[in-house]
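Worksheet for the structure shown next.
The values are calculated or read from the model by the stated rules, or taken from the named source; none is laboratory data. Computed from a predicted model, the values in this text were never measured in an experiment. No Cβ is skipped: glycine too gets one built from the backbone with ideal geometry, and neighbour counts run over all protein chains shown.
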Amino acid sequence: MKEKTIESIKEEYDLELEKIISAVKKNKAKLILLQFPDGLKPYATTIVDYLSEKTKAEFVIWIGSCYGACDTPVLPKKIEKEIDLVIQFGHSKMMPSY
């Protein structure tokens, strides 16, 4: 399987990457934890490469389960203290369009 480019990922999904870049810069976050649902995990490193280039921050990918917004990662206390920002991704619309 050929790896997708950030452009093709952005065409398929509205991941609000510019909002994330803005939040990272606004909060002066240095270490960010990203949580992806299984359907987006194959693109996680491409997304991290893009965000790293735009922000110069470091990103950690949560590889555990993610079954929705209420499924937040439980981290060891030492690591939890170092994380400046947690961002959860989704790939389904929450409300149908009428």
Out of everything in the range 39-58 that is in contact with a strand residue (DSSP E or B) (Cβ under 7 Å, 6 or more places away or on another chain) and not in a loop (DSSP other than H, G, I, E, B), what residue ends up being nearest to Lys81 (Cα to Cα)? Glu58
Positions within the range 52-78 being among the hydroxyl-bearing types (Ser, Thr, Tyr) and either over 21 Å from Lys19 (Cβ atoms) or modelled with pLDDT under 95 (or both), in sequence order: Ser65, Tyr67, Thr72
In the range 23-38, which residues are surrounded by 13 or more Cβ atoms within 10 Å (Cβ to Cβ), over 11 Å from the mean Cα position of the chain (by Cα) and either free of Cβ contacts under 8 Å to residues at least 40 places away in the same chain or in a loop (DSSP other than H, G, I, E, B) (or both)? Lys25, Ala29, Lys30
Please find, among Asp14, Asp49, Asp38, the residue that is within 24 Å of Thr72 (Cα to Cα) and modelled with pLDDT of 95 or more. Asp49
